[in-house]
Amino acid sequence: MKIALCSTGPSETHHISESLGKCPTFIIYDHQSLTFMPFKNSVILQDSEYGPNAIKILHQEHVDVLITCNIGKNAFEEATKLGIKIYKAQDHMTIKDSIYAYFNKNLKELHTFNKFTQK
């Protein structure tokens with residue numbers, strides 16, 4: 001299983017970013033190898049559709065789960081269409097703490113988009 005996290009930086013000690021499409025870095029946690037793989041978010045160089053395009057990139061990386069603080073309607077719909085489960089992290093959590101919270105079932109899975117899904 002691969003878990004993507006929107007991060008403020010390239011390591012597991014950085015915090016969850018408040019933005020999905022405009023976060024500086026994505027970190028993918030590979031549960032099988034227990035490794036963290038950071039990569040720069042190339043979507044922020046585009047003019048629009050940040051969230052949905054970020055979801056498409058994560059799908060190309062074979063991500064099963066996305067942990068984020070905030071997600072827009074179009075990105076939510078794209079993730080749902082591609083079979084990526086979405087979990088809501090708390091502001092200011094570190095990447096590592098978010099992974100622990102996920103495996104301890106302390107993050108809420110988002111099944112529908114509503115006004116509370118966004119920050």
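The values are calculated or read from the model by the stated rules, or taken from the named source; none is laboratory data. Keep in mind that what you see is a predicted model, and the values were worked out from it rather than measured. When we count neighbours, we look across all protein chains shown, and the Cβ atoms used for this are built from the backbone with ideal geometry, even at glycine. Calculation scope for accessible area: heavy atoms of the full protein, side chains included, ligands and nucleic acids excluded. Shrake-Rupley method; radii C 1.70, N 1.55, O 1.52, S 1.80 Å.
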Eligible lysines near Lys73 by straight Cα distance, threshold 22 Å, same-chain separation 8 or greater
Lys22, Lys56, Lys81, Lys85, Lys88, Lys108, Lys115, Lys119
Please give the charge dipole size of the chain, origin at the Cα centre, charges +1 on K and R Cβ atoms and -1 on D and E Cβ atoms. Round to the nearest 20 debye.
240 debye
With N denoting the number of residues in the range 58-100, provide Rg(C-alpha) divided by 2.2 N^0.38 Å, to two decimal places.
1.18
By accessible area with a 1.4 Å probe, ligands and nucleic acids excluded, highest first: order of Tyr50, Tyr29
Tyr50, Tyr29
When the charge dipole of the chain is computed with +1 at the Cβ of Lys and Arg and -1 at the Cβ of Asp and Glu, the Cα pointing farthest to the positive end, of Ser42, Asn53, His111, is that of His111
With an 8 Å cut-off on Cα pairs and a minimum separation of 6 or more residues, tell me the relative contact order of the range 2-99 in percent.
33 percent
Options [x] 1.14; [y] 0.94; [z] 0.92 - which one matches Rg/Rh (Cα atoms, Kirkwood Rh) as calculated here
[z]
